[in-house]
1. Collect the residues in the range 132-155 that are more than 8 Å from the ligand (Cβ to nearest atom), of a type in the set (A, V, I, L, M) and either surrounded by fewer than 23 Cβ atoms within 10 Å (Cβ to Cβ) or at pLDDT below 95 (or both), keeping them in residue-number order.
2. Would you point out the residue of the range 156-205, among those that are polar (S, T, N, Q) and free of Cβ contacts under 8 Å to residues at least 24 places away in the same chain, that is surrounded by the most Cβ atoms within 10 Å (Cβ to Cβ)?
3. What about Gly62, is it small (Gly, Ala, Ser), loosely packed, with under 15 Cβ neighbours inside 10 Å and touching a residue at least 12 places away in the same chain (Cβ under 8 Å)?
4. Which residues, counting only those in the range 94-128, are within 16 Å of the ligand (Cβ to nearest atom), touching a residue at least 24 places away in the same chain (Cβ under 8 Å) and either under 30 Å from Phe55 (Cβ atoms) or part of a helix (DSSP H, G or I) (or both)?
5. Failed condition for Leu41, given (1) modelled with pLDDT of 95 or more; (2) of a type in the set (A, V, I, L, M); (3) within 16 Å of the ligand (Cβ to nearest atom), with all others met?
6. I'm trying to understand the selection: among the residues of the range 169-194, which are part of a loop (DSSP other than H, G, I, E, B) and either within 13 Å of the ligand (Cβ to nearest atom) or in contact with a Ser or Thr (Cβ under 8 Å, 6 or more places away or on another chain) (or both)?
7. Would you confirm, using the coordinates I've provided, whether Arg13 is surrounded by 14 or more Cβ atoms within 10 Å (Cβ to Cβ) and under 27 Å from Gly103 (Cα atoms)?
Amino acid sequence: MEEKVIPDIVVGRLPLYLRALQRMAEEGRQVTSSQELGERLGISAAQIRKDLSQFGEFGKQGTGYNIEYLVEQLQQILHVDRDWDLAVVGAGDIGSAVMRYKGFADRGFCVKMIFDSDPDKVGTQIGNFIIQDTALMEGAIKAAGIKVAMIAVPASHAQDVADKLVKAGIKAILNYAPLSLNVPPDVRVQHIDPAIHLQRMTYYL
Ligand code: NAI
């Protein structure tokens, strides 16, 4: 059977649903509704029902969604019902903050290694990790079978780093550098640029 193509904008909302549902589960809640989820997220209940219906039947009319079940289902759909190992490139302010952040572990991600090209940084430690030389990056990532990476180097070096990561077998890149990366079609890129988000708000001020 041909696999149904889900629009990326729908996929992009699923992690928001998952995060809100996990928060509800932490609050000790067992059931919720598309209305309540919608109010928490500022998304219409109809949109939420429509998005979820693309993947199956998760709730019953009148009884709502079982939170634990929907969390499990969304984790499976997003492939975070397993842990993904992460490699980080760039051990500066952002890279260091990422290495120290505790919030990835319980959401499907496990930071495994960090690389930098600065000889003064290579061999030094961030938390429990020793910063490795980017010259060894391709081999180390391949050997560990890592598929997901974060780029936290200056924009002028980001494309070069991305090319190396692609060669190493990376299939998903979270890019903090403020430029668009060119990668092959089978590699996903997400950009994080706070200035873009700020500019999107200043339009309204
Ligand atoms: P930083 O200057 O503190 O660190 C960059 C690190 O990348 C340095 O350790 C440097 O040695 C390393 N590096 C340079 N070229 C490299 C290469 N080819 N291979 C491996 N490592 C290399 O920079 P920061 O502040 O951590 O920012 C990182 C990226 O994130 C930049 O592109 C920046 O524009 C962006 N960014 C930073 C924000 C911030 O608040 N610091 C906010 C949003 C984006």
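1. Answer for the range 132-155, where residues must be more than 8 Å from the ligand (Cβ to nearest atom), of a type in the set (A, V, I, L, M) and either surrounded by fewer than 23 Cβ atoms within 10 Å (Cβ to Cβ) or at pLDDT below 95 (or both): Ala135, Leu136, Ala140, Ala143, Ala144, Ile146, Val148.
2. Here is the first cut: in the range 156-205, the ones polar (S, T, N, Q) are 156, 159, 175, 180, 182, 190, 199, 202.
From what's left, free of Cβ contacts under 8 Å to residues at least 24 places away in the same chain: 156, 159, 180, 182, 190, 199, 202.
Values: Ser156: 9, Gln159: 17, Ser180: 12, Asn182: 11, Gln190: 10, Gln199: 10, Thr202: 7.
Out of the qualifying residues, it is Gln159.
3. Spelling it out, it is not the case that Gly62 is small (Gly, Ala, Ser), loosely packed, with under 15 Cβ neighbours inside 10 Å and touching a residue at least 12 places away in the same chain (Cβ under 8 Å).
4. Matches in the range 94-128: Ile94, Gly95, Ser96, Val98, Met99, Arg100, Val111.
5. All conditions are met except number (3).
6. Hits for the range 169-194 are Tyr176, Ala177, Pro178, Leu179, Ser180, Leu181, Ile192, Asp193.
7. It is true that Arg13 is surrounded by 14 or more Cβ atoms within 10 Å (Cβ to Cβ) and under 27 Å from Gly103 (Cα atoms).
Every residue, every condition in (1) touching a Leu at 6+ places or on another chain (Cβ under 6 Å); (2) closer than 30 Å to Gln132 by Cα; (3) exposed (fewer than 14 other Cβ atoms within 10 Å of the Cβ), yes or no:
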site: Leu21; (1), (2), (3): yes, no, no
site: Ser44; (1), (2), (3): no, no, yes
site: Leu74; (1), (2), (3): yes, no, no
site: Tyr101; (1), (2), (3): no, yes, yes
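The values are calculated or read from the model by the stated rules, or taken from the named source; none is laboratory data. Here the structure is a predicted model, which is why all the values come from computation and not from measurement. Here Cβ is always computed from backbone atoms with ideal geometry, including for glycine, and neighbour counts include all displayed protein chains.
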